[in-house]
Structure formats: C-alpha cells, structure tokens
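Chemist: Structure incoming, see below.
The values are calculated or read from the model by the stated rules, or taken from the named source; none is laboratory data. Predicted, not measured: the structure shown is a model, and the values here were computed from it. Here Cβ is always computed from backbone atoms with ideal geometry, including for glycine, and neighbour counts include all displayed protein chains.
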C-alpha cells in the first residue's frame, strides 16, 4: 500500500469486520489523485518498520508481504504499552499476568539472517544492553519508558513526579494486564491509587465510548457496518452482538491515555476521566535518571546515560 500511495496510485486496505467471512470483508479505498485534485502524484515513501516479537513473524513478513519491509522493531514482553500474547496461551502467574517462556524469546540470529536492519526494544535502556544489541547485529535500540518521565514528556508533571518518587522508594509496580485493553492484547500498566488500576476507581467510573479509537467494526443484521468496543457500556456492547465475557475487566484506554497528558474528558456529571499509565517493566528503575532529591531529568540526561561507554557504529 505504501508503494502505491508513494507513486500516486489508488490504494485499498481490507477492513477487519467481525461477523463476516475473510472473503466478505470490505475495503477502505483512498485515491491520492482525487484527494489532491491531481496536484501531487508522487511523494517520498517512508520506511516501513514492522514491530515483531518473533523471528517467525519477521521471516513471514520479509518473504511474503505484498510490499517492501525495510526493517524490524523486535519487541520483548517487558516493553511498555501493548505486548504480543505468549505463544503458549492460558498460563498466568499468581498475580494474573500472562506467563512468557522460552518460545517467546526471538531468535536474533535468524532475524539478522534476513538481511534487514533491526532494532531491539524492551529492557534495553542500559549501556550494557545497547552493547549486547549491537553485538547481536542490531543497528540500535528503541527506548520508551526512560523518556516517558523526562521533562519533555507529555505526561503531566504530577504523574511524572509520583512515578519517579515511587521508583526511588522501591515501591513502584508494573502489571501486565491481560484484559484491560479492548484490543485483546496484554497491556502494561503502573499500579497507582488514583488510576484505573485501583478497583474502586475502575468500578466507580461510568463506562462510555465517546472517543472510539479502538472500536471494532462488525456486520449488523442488515449487512451494514457498525462499531462496538468491549470497554463501552456492557448493555450496548451485548446489544450490538458482542459477547458478555469480552467486557469483563476492560478499560477505556482512549480516555485514560488522553487524561495522562492532562486533557481529561469531563462528563456531564462532573466526573473527570481517570488515568491509566503504561510503561515497561524498567519503570521501577526510572529514578536512576533523576538527581538525588529531585523528580526531574531531561531527554539529554537519558541519552548521555545510554551512550556512556558505547561505541556507535558509523553509518
């Protein structure tokens, strides 16, 4: 699709619609010529870097994708945000987190053999880890959690201060929530009293789906397309043909993530949408970037820390 758009050709993308056969899924179509009225026909094609969690998926994309795959972000399950589910399903630890095993460790030699540049993500915010990544053939690393709490980050200042202070006290906990996300993928969250990780805050919140970024398309009885979300009001979801068990424990990521950056929706009742902070497992150590007795550090501080003693290969 990127190749077609870059050349100014019409492109289409299959829309995943619940309740239809794969052959019956509709397509979303876009015409650059119509959109630009013929003024722009060719643009620069951006690189396509596929996020993968296994060498199996990387190989499939490199050999069978309809367009060119320019590289890979190889993400481990300790990374923040959404995680790929374990290859062995249905196993959980005593906290209710999905259990990852040896089958979930990507074969970096196999990925390197594909001849595409790759970056490693999840637990690589240390100079020693960056060195290991480069030695394994990676061209670099992807770091998110370390930058999430720097002064340049969009998280609110109180949130950043709370996380850094809890990290310094050794009281910060990260939980891999198997059901929070309406996407169905495991989702990393930091457990905080005033966020949706607190059962009381979660139960008190009125379920509503007014942003809709993660809604699923489904086919109505009259064969038109509707939209539903496992995090919306339960009765609404079931009325639209959704399964009741899919709603259990689901959280509204759309509203929560907007609240994280200080732009919460305020409901008619006056209720302010609560937060839900996502970060990788390394958040427990994020205080290492902040000078003692402070709760601030900069992106430059992180970069200096990460590259200490690291020899960056010439490009």
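Let's see how each residue does on (1) surrounded by fewer than 14 Cβ atoms within 10 Å (Cβ to Cβ); (2) assigned by TED's automatic domain parsing to the domain that holds residue 129:
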| site | (1), (2) |
| --- | --- |
| 244 | yes, no |
| 254 | no, no |
| 268 | yes, no |
| 271 | no, no |
| 286 | no, yes |
| 296 | no, yes |
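Chemist: Pick out, from the range 118-199, the strands (runs of 3 or more DSSP E) lying fully within it that include 2 or more residues that are farther than 25 Å from residue 252 by Cα and under 21 Å from the mean Cα position of the chain (by Cα). Walk me through it before giving the result.
Modeler: On the way: elements: 118-121, 140-142, 174-177, 187-190.
Where strands (runs of 3 or more DSSP E) fall fully within the range 118-199 and carry at least 2 residues being farther than 25 Å from residue 252 by Cα and under 21 Å from the mean Cα position of the chain (by Cα), they are 118-121, 140-142.
Chemist: Would you say residue 250 is surrounded by fewer than 16 Cβ atoms within 10 Å (Cβ to Cβ), at pLDDT 95 or above and not assigned by TED's automatic domain parsing to the domain that holds residue 143? Can you show your working first?
Modeler: Details: surrounded by fewer than 16 Cβ atoms within 10 Å (Cβ to Cβ): no; at pLDDT 95 or above: yes; not assigned by TED's automatic domain parsing to the domain that holds residue 143: yes.
Against the criterion (surrounded by fewer than 16 Cβ atoms within 10 Å (Cβ to Cβ), at pLDDT 95 or above and not assigned by TED's automatic domain parsing to the domain that holds residue 143), residue 250 does not qualify.
Chemist: Taking residue 29, is it assigned by TED's automatic domain parsing to the domain that holds residue 180 and either over 26 Å from residue 181 (Cα atoms) or modelled with pLDDT under 95 (or both)?
Modeler: Working: assigned by TED's automatic domain parsing to the domain that holds residue 180: no; either over 26 Å from residue 181 (Cα atoms) or modelled with pLDDT under 95 (or both): yes.
The answer is no for residue 29.
Chemist: Also, quick follow-up: Among the candidates 123, 154, 101, 96, which residue alone is in the same structural domain as residue 61 (by TED's automatic domain parsing) and touching a helix residue (DSSP H, G or I) at 6+ places or on another chain (Cβ under 7 Å)? Reasoning before the result, please.
Modeler: Details: 154 fails: touching a helix residue (DSSP H, G or I) at 6+ places or on another chain (Cβ under 7 Å); 101 fails: touching a helix residue (DSSP H, G or I) at 6+ places or on another chain (Cβ under 7 Å); 96 fails: touching a helix residue (DSSP H, G or I) at 6+ places or on another chain (Cβ under 7 Å).
Every option except 123 fails the conditions.
Chemist: Are any of the residues in the range 222-238 part of a loop (DSSP other than H, G, I, E, B), modelled with pLDDT of 95 or more and surrounded by fewer than 18 Cβ atoms within 10 Å (Cβ to Cβ)? Break it down stepwise before answering.
Modeler: Residues of the range 222-238 part of a loop (DSSP other than H, G, I, E, B): 222-224, 229-233.
Adding the requirement that they be modelled with pLDDT of 95 or more leaves 229-233.
This time we only want the ones that are surrounded by fewer than 18 Cβ atoms within 10 Å (Cβ to Cβ), so: 233.
Yes, there is a match, as at least one residue in the range 222-238 is part of a loop (DSSP other than H, G, I, E, B), modelled with pLDDT of 95 or more and surrounded by fewer than 18 Cβ atoms within 10 Å (Cβ to Cβ).
Chemist: Within the group 192, 211, which residue is touching a helix residue (DSSP H, G or I) at 6+ places or on another chain (Cβ under 6 Å) and at pLDDT 95 or above? First the steps, then the outcome.
Modeler: On the way: 192 fails: touching a helix residue (DSSP H, G or I) at 6+ places or on another chain (Cβ under 6 Å).
Being touching a helix residue (DSSP H, G or I) at 6+ places or on another chain (Cβ under 6 Å) and at pLDDT 95 or above holds for just one of 192, 211, which is 211.
Chemist: Only one residue in 12, 68 is loosely packed, with under 13 Cβ neighbours inside 10 Å, in contact with a helix residue (DSSP H, G or I) (Cβ under 9 Å, 6 or more places away or on another chain) and farther than 30 Å from residue 238 by Cα, so which one is that?
Modeler: Working: 12 fails: loosely packed, with under 13 Cβ neighbours inside 10 Å.
After ruling out the rest, the residue left standing is 68.
Chemist: Separate question: Of all residues in the range 102-130, count the ones that are surrounded by fewer than 12 Cβ atoms within 10 Å (Cβ to Cβ) and modelled with pLDDT of 95 or more.
Modeler: Total meeting the criteria: 3.
Chemist: Return only the number of the condition from (1) under 30 Å from residue 218 (Cα atoms); (2) out of contact with any strand residue (DSSP E or B) (no Cβ under 6 Å at 6 or more places or on another chain) that residue 14 does not satisfy.
Modeler: So the condition that residue 14 fails would be (2).
Chemist: Still on this structure, I have one more. Return the pair list, or none, for Cβ contacts closer than 7 Å from residues in the range 237-262 that are touching a residue at least 12 places away in the same chain (Cβ under 8 Å) and on the phi > 0 side of the Ramachandran plot to residues that are crowded, with 17+ Cβ neighbours inside 10 Å and not in a helix (DSSP H, G or I), at least 6 apart or on different chains.
Modeler: 241/218; 249/179; 249/180
Chemist: Mind listing whichever residues of the range 18-61 are out of contact with any helix residue (DSSP H, G or I) (no Cβ under 8 Å at 6 or more places or on another chain) and part of a strand (DSSP E or B)?
Modeler: In the first step, residues of the range 18-61 are kept if they are out of contact with any helix residue (DSSP H, G or I) (no Cβ under 8 Å at 6 or more places or on another chain); the result is 18-29, 31, 33-39, 47, 49, 51, 56-57, 60-61.
Within the range 18-61, 18, 27, 28, 29, 49, 51 qualify.
Chemist: Exactly one of (1) modelled with pLDDT of 90 or more; (2) in the same structural domain as residue 133 (by TED's automatic domain parsing); (3) under 28 Å from residue 114 (Cα atoms) is unmet by residue 11. Its number?
Modeler: Here residue 11 meets the rest and fails (2).
Chemist: Taking the range 212-221 as the search range and keeping residues that are part of a loop (DSSP other than H, G, I, E, B) and farther than 18 Å from residue 181 by Cα, which one is farthest from the chain's Cα centre (by Cα)? Outline the logic, then answer.
Modeler: Pass one, the range 212-221, residues part of a loop (DSSP other than H, G, I, E, B): 212-215, 220-221.
Okay, now just the ones that are also farther than 18 Å from residue 181 by Cα, so 220-221.
Details: 220: 29, 221: 33 Å.
That would be 221.
Chemist: Oh, and also: Does the range 90-117 hold any residues that are over 17 Å from residue 174 (Cβ atoms) and either under 20 Å from the mean Cα position of the chain (by Cα) or assigned to a helix (DSSP H, G or I) (or both), and which are they? Before you say what the answer is, go through the steps one by one.
Modeler: Quick first cut of the range 90-117, residues over 17 Å from residue 174 (Cβ atoms) only: 90-91, 101-117.
Listed by number, the residues that qualify are 102, 103, 104, 105, 106, 108, 109, 110, 111, 112.
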